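The values are calculated or read from the model by the stated rules, or taken from the named source; none is laboratory data. Bear in mind that the values here come from a model prediction, so they are computed numbers and not experimental data. Using ideal geometry, Cβ is built from the backbone for each residue, glycine included, and neighbour counts are taken over all protein chains shown.
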Amino acid sequence: MKYFLKNCTGILLIMFLFNLHVHAQNGWVSLFDGKSLDGWKVGDNASTFSVDSGRIKVNGKTAHLFYEGPVNNHNFKNFEFKAEVMTRAHSNSGIYFHTQFQQGGWPAKGYEVQVNNSHTDWRRTGSLYGIDDVKEVIAPDDVWFTEYIKVQGKHITIKINDKTVVDYTEPDNIEKPANGIGRFISNGTFALQGHDPGSTVYFKNIMVKPLAD
């Protein structure tokens with residue numbers, strides 16, 4: 001019996017270490033388990049988000065899905081983030097960072113990184129929305145592409161399929177609203193945007209690598 005228990009303990013330890021290696025390889029940690037929206041929270045219009053064949057499907061009324069899970073206590077300052085994304089024709093979405101949960105409306109806190117290859121909005125995928133906008137279409141619809149965001153101090157880098165499209169440093173004297181909430185470097189969580197019922201966007205392999213302050 002002791003031999004059996006010892007072997008079982010060894011097997012369980014190996015499985016644990018292998019799982020840890022898979023989910024935190026080179027510092028990268030998964031935020032989406034591919035099966036459920038565990039660790040994520042949405043307020044109004046929750047049906048906009050669903051899990052479809054290992055992907056987060058976004059389609060429906062305006063809504064935002066906030067990461068509220070255990071990784072870094074869903075509070076990130078300096079980080080690298082990446083996700084595989086696919087848009088359908090005429091679709092719009094976005095990835096927010098340094099944001100916080102709110103029940104409805106457009107997130108008041110944090111920056112938005114645009115997801116849009118053919119929507120009527122001229123700000124295309126990779127734009128740091130309203131701050132450093134991209135007019136060029138980098139990725140086509142109906143094809144998976146990688147959207148990457150890095151924040152280190154005041155410096156923001158955005159890449160689409162390893163192509164740098166935004167290299168922005170927030171000014172030290174940026175004007176901040178009186179209530180302290182707005183579009184500026186701070187800290188917070190991530191959110192995926194459901195823009196409108198005519199937009200369909202998919203996300204998978206959503207990963208983060210927290211970086212030292």
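Odds and ends about this structure:
- Test for Glu170: is it surrounded by fewer than 17 Cβ atoms within 10 Å (Cβ to Cβ) and over 22 Å from Trp28 (Cβ atoms): no
- Filter pass, Ala89 being under 21 Å from Arg123 (Cα atoms), outside any strand (DSSP E or B), assigned by TED's automatic domain parsing to the domain that holds Thr125 and of a type in the set (Gly, Ala, Ser): yes
- Of all the criteria given as (1) under 17 Å from Phe32 (Cβ atoms); (2) in contact with a helix residue (DSSP H, G or I) (Cβ under 9 Å, 6 or more places away or on another chain), the one not satisfied by Glu147 is (2).
Conditions tested, residue by residue: (1) surrounded by fewer than 19 Cβ atoms within 10 Å (Cβ to Cβ); (2) closer than 13 Å to Tyr96 by Cβ; (3) at pLDDT below 95.
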position: Val115; (1), (2), (3): no, yes, no
position: Arg124; (1), (2), (3): no, no, no
position: Asp142; (1), (2), (3): yes, no, no
position: Gly198; (1), (2), (3): yes, no, no
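- Answer from Gly69, Gly104, Gly110, Gly130 - the residue that is more than 17 Å from Val201 (Cβ to Cβ), surrounded by fewer than 21 Cβ atoms within 10 Å (Cβ to Cβ) and in contact with a His (Cβ under 9 Å, 6 or more places away or on another chain): Gly104
- Residue list for the range 142-161, restricted to those being on the phi < 0 side of the Ramachandran plot, touching a residue at least 40 places away in the same chain (Cβ under 8 Å) and among the charged types (D, E, K, R): Glu147, Lys150
- Pair list, Cβ < 6 Å and 6+ apart or interchain, from the range 120-141 residues that are acidic (Asp, Glu) to residues that are assigned to a strand (DSSP E or B): Asp132/Val166; Asp132/Tyr168; Asp141/Thr87
- Conditions (1) closer than 17 Å to Met86 by Cα; (2) under 14 Å from the mean Cα position of the chain (by Cα); number of the one not met by Gln100: (1)
- Scanning the range 166-187 for residues that are of a type in the set (S, T, N, Q) and modelled with pLDDT of 90 or more turns up Thr169, Ser186, Asn187.
- In a residue-by-residue description of the range 177-185, the property of being in a strand (DSSP E or B), without any contact (Cβ under 8 Å) to a residue 24 or more places away in the chain, more than 16 Å from Ala83 (Cα to Cα) and not β-branched (Val, Ile, Thr) applies to no position.
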